[in-house]
Amino acid sequence: MAHRWQNNLVRNDITPEAVWLNRRAFVASAGVVGGLGLIGAGRARAETLEPNSFEDITSYNNFYEFGFDKGDPVKYAGALTTEPWRIEIDGLVERPGSYALDEIVSAMTIEERIYRFRCVEAWSMVVPWNGFELADLLTWAGVKPGAKYVAFETLYRPKEMPAQRGGSIDWPYREGLRLDEAMHPLTLMATGLYGKPMPKQNGAPIRLVVPWKYGFKSIKSIVKITLTDKQPETTWNMLQPQEYGFYANVNPQVDHPRWSQARERVIGGGLFSAKKPTLMFNGYEDEVAGLYDGMDLETFY
Ligand SMILES: Nc1nc2c(c(=O)[nH]1)N[C@H]1C(S)=C(S)[C@@H](COP(=O)(O)O)O[C@H]1N2
Ligand SMILES: [Mo]
């Protein structure tokens, strides 16, 4: 349904991983062509995004439940039990409940989205995700009038997530979106990448992906989704509110207090490769800027 949002996300079929190109994803991408003429009209940007390798994406991770080093998640997340998996949906919804992941996924349409991914630490990748639109899930659950935000929680299971046994983070990891951000067609619930089930270090079995926001908004291994009328508390904002805001929209003009956000290091680009300029809203300005009309993006960082 929202294939038009892939308009600047052109698949690169020459990568070795091209075998993951399944028929459904192909049909989805074919749908892009029709929409491109309309949406792309008057737009100069036409960019081919070359996904990072499966190896890059699955070995350089932030998943603090398993430790703070980029290599910790791949080392320790293997212990995570992801079956069975349930997601509790509660708050201002018509059909609250605890749902088996299979029940949710079988009601959704899985498609492929090749998105830029920009961490607040000023590195980036391009990831070919598989998943469904969060909007479809929220519509399925039935959003009640009065809901203004969506809150998410990661699994809390210290037996399997060693860093949850201590440290400064108030577990579980929490994130949130404004309802209109959550309903935006770019906002994805990802169940896999490169056509494979989501690797544990990347947030198995299901995670959020919000491509125009810093990576920490894209919460992993989700067990709870709450519709609420209040802006929810979020993990990094609770830890360091002057450094990490609720919005966390990628913005090369608003620096982190301790480093510039103007440029980013592309993972896999080699040790001496130049940093590339960071794009406003991570390159999704045409699609999402309207969500923030009239908002001062320095105040609401
Ligand atoms: N539960 C949970 N979700 C999380 C994190 C985390 O530590 N715990 N790290 C975030 C950060 S800072 C980033 S950059 C991305 C990293 O996703 P990736 O490892 O798939 O690249 O996950 C985000 N989601
Ligand atoms: Mo991050």
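Taken together, the values in this text are just the output of simple stated rules run on the coordinates, not laboratory data. In this text the structure is predicted, and so the values were computed from the model without any measurement. Cβ coordinates were reconstructed from backbone atoms using ideal geometry, including for glycine residues, and neighbour counts include every protein chain displayed.
Using the Karplus curve 6.51 cos²θ - 1.76 cosθ + 1.60 with θ = phi - 60°, what ³J(HN,Hα) values do you get for each residue of region 178-185, in whole Hz, with x for Gly and Pro?
5, 4, 5, 5, 5, 7, 5, x
Based on the mean of other Cβ atoms within 10 Å per residue, sort peptides 64-73, 93-102 so the most packed one is first.
Output ranking for 64-73, 93-102: 64-73, 93-102.
Give me, ordered by chain and number, the residues 5 or more places off Gly192 or on other chains with an amide H under 5 Å from its own placed amide H.
Asn130, Met198
Rounded, prolate or oblate for region 11-292? Axes are the square roots of the Cα gyration tensor eigenvalues, ordered a ≥ b ≥ c, and the cut-off for rounded is a/c under 1.5.
Numbers: a/c = 1.23, a/b = 1.11, b/c = 1.11.
Because its axes are fairly even, with a/c under 1.5, region 11-292 counts as rounded.
Which value in Å does the Kirkwood hydrodynamic radius of region 156-222 take, with 1/r averaged over all unlike C-alpha pairs and then inverted?
Details: mean 1/r = 0.0763 Å⁻¹.
Computed over Cα pairs of region 156-222, the Kirkwood hydrodynamic radius comes out at 13.1 Å.
If a/c stays under 1.5 just call it rounded; otherwise compare a/b with b/c (prolate if a/b is bigger, oblate if not). Do that for region 143-301, with a ≥ b ≥ c from the square roots of the Cα gyration tensor eigenvalues. Working shown, then result.
Details: a/c = 1.39, a/b = 1.10, b/c = 1.26.
Note, shape of region 143-301 comes out rounded.
Could you work out the local net charge near Met198, counting Lys and Arg as +1, Asp and Glu as -1, over the other residues with Cβ closer than 11 Å to its Cβ?
Taking every Cβ under 11 Å from that of Met198, the sum is +4.
What ranking do 204-210, 48-54 get when scored by the average of other Cβ atoms within 10 Å per residue, highest first?
On the way: 204-210: 23.4, 48-54: 17.3.
Going from most to least packed, we get 204-210, 48-54.
Between Leu271 and Arg86, 0.36 nm times their residue separation minus their Cα-Cα distance comes to what?
62.5 nm
Among the GluC sites (Glu not before Pro) in region 191-270, which ones are in a DSSP loop with at most 16 other Cβ atoms within 10 Å of the Cβ? Mind listing them?
Glu233, Glu243
Rounded if a/c is under 1.5, else prolate if a/b is larger than b/c, else oblate: which is region 155-195, with a ≥ b ≥ c the root eigenvalues of its Cα gyration tensor?
Judged from the Cα gyration tensor, region 155-195 comes out oblate (a/c at least 1.5, b/c at or above a/b).
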